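Notes follow the structure.
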Amino acid sequence: MKNADILTGITTTGTPHLGNYVGAIRPAIESSKEENKTSYYFLADYHAIIKCQEPERIRKSALEVAATWIAMGLDTNRSIFYRQTDIPEIPELTWILTCVTAKGLMNRAHAYKASVADNETENNDPDKDITMGLFCYPILMAADILMFNAKKVPVGKDQIQHIEMTRDIAGRFNHLYGEHFVLPEAALDEKSAVLSGLDGRKMSKSYNNTIPLFESDKALRKLIMKITTNSLAPEEPKEPETCTLFAIYKAFATADEVKAMATRYREGIAWGVMKQELFEYLNEILREPRDTYNRLIKAPGDLDGILKHGASKAREYSVPFLDKVRKAVGINRLG
Ligand code: TRP
């Protein structure tokens, strides 16, 4: 198996929504179609247990995330799709990397610093509720990436620091033990859009304003009807570019359709009409994948098979590579 040209992970704590799809899943599925590129995509379930200590939520989310990627068209023969927890080499590499990672580097991680800052604002002990899992989170992520010598890592802005830390850690290891790791680069996808949610803020689980991808058509319609708009009356000209409904439409429609819709905004399309049309448009696109998704969720054995197959392909790389890394630090397997 070849190392990763592209690699990214999805933390399994939530139900995939339109924002996840447009921002991360769709661009990843697109790049997996590039010729001669090896892409690795995985469910970051070890990362999930850092933030979420509800086993049922973790189990459900892992299933939902896997089903979403498949339903949306990921070709698991072309790309390597697996669970982080099915690659035992990853936690092993995590420890080896932990031993070359400066504590000071981890002190600077945004997520950790934000938790400390929150504690200080509330006059709590700075360490309150901070686990070693949270503190070491970037090392686990570095292991995910370095395990497969990934070149490009598509991530959101909030994750760029983690890629820089990965480069630092890899550089330190290479300096001590010889050139073993490729230094990865963060890839910010320009095509990937940030979608607004029901209330107009960025669509995010933490704002509780998401539109899950695979709601029933009835529930989807209900959510779209809830999207906040201004109070312009039917027939009053409307501004497309600042409108959440338009932004969602734009994320799915063709350039011509978008242009035609912008004209209708200026002609004063009524909000009720726009909402109904947006619903019908999305529903048409999601109908087939939704059926596939529901079928997969009901037959988790099929998903297990796909993920197992992915893990065995990934391990064709990670097992021999970790062996080299072990040897480099002076640990030989017993014969
Ligand atoms: N931490 C990432 C996130 O929350 C998910 C992730 C885990 C990841 N390991 C990774 C992303 C490795 C890219 C590469 O979004």
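The values are calculated or read from the model by the stated rules, or taken from the named source; none is laboratory data. Note that the structure is predicted; figures quoted are calculated from it, not measured. All Cβ positions, glycine included, derive from the backbone under ideal geometry; neighbour counts span all protein chains shown. Accessible surface is based on the protein model in full, side chains and every heavy atom, while ligands, DNA and RNA are left aside. Shrake-Rupley method; radii C 1.70, N 1.55, O 1.52, S 1.80 Å.
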Item to check | All positions within region 175-231 that are hydroxyl-bearing (Ser, Thr, Tyr) and closer than 26 Å to residue 12 by Cβ | outcome: 192, 196, 204, 206, 207, 210, 216
Next on the checklist: Checking the conditions here, which among 245, 183, 213, 198 is at pLDDT 95 or above, touching a Pro at 6+ places or on another chain (Cβ under 9 Å) and not polar (S, T, N, Q)?
Outcome noted: 213
Checklist entry - Does residue 279 satisfy the criteria of being buried (at least 16 other Cβ atoms within 10 Å of the Cβ), assigned to a helix (DSSP H, G or I) and outside the structural domain of residue 89 (by TED's automatic domain parsing)? => result yes
Next on the checklist: It is to be established whether one or more residues within region 145-156 are at pLDDT below 95 and among the aliphatic types (A, V, I, L, M).
Outcome noted: yes
Checklist entry - Restricting attention to region 165-172, does a residue exist that is within 15 Å of the ligand (Cβ to nearest atom), open to solvent by 10 Å² or more (accessible area, probe 1.4 Å), basic (Lys, Arg) and more than 17 Å from the chain's Cα centre (by Cα)? => result yes
Checklist outcome for this item: Turns out the helices (runs of 4 or more DSSP H) fully within region 8-90 with at least 2 residues that are buried (at least 22 other Cβ atoms within 10 Å of the Cβ) and away from the ligand (no atom under 11 Å from the Cβ) are 55-71
Checklist entry - Does residue 132 count as in the same structural domain as residue 37 (by TED's automatic domain parsing) and either touching a helix residue (DSSP H, G or I) at 6+ places or on another chain (Cβ under 9 Å) or open to solvent by less than 40 Å² (accessible area, probe 1.4 Å) (or both)? => result no
Checklist entry - Looking at region 26-39, is at least one residue touching a helix residue (DSSP H, G or I) at 6+ places or on another chain (Cβ under 6 Å) and more than 28 Å from residue 326 (Cβ to Cβ)? => result no
Checklist entry - When residues of region 145-164 are filtered for being near the ligand (Cβ under 7 Å from one of its atoms), under 21 Å from residue 202 (Cβ atoms) and either open to solvent by 40 Å² or more (accessible area, probe 1.4 Å) or part of a helix (DSSP H, G or I) (or both), how many remain? => result 2
Checklist outcome for this item: Pairing a residue in region 288-315 that is closer than 15 Å to residue 73 by Cβ and charged (D, E, K, R) with any residue that is open to solvent by less than 20 Å² (accessible area, probe 1.4 Å) and assigned to a helix (DSSP H, G or I), where Cβ atoms lie under 8 Å and the two sit 6 or more apart in sequence or on different chains, gives 290/71
Item to check | Every pair of residues 6+ apart whose Cβ atoms lie under 6 Å, when the first sits in region 54-65 and is in contact (Cβ under 8 Å) with a residue 40 or more places away in the chain while the second is part of a helix (DSSP H, G or I) | outcome: 58/48; 62/45; 63/300
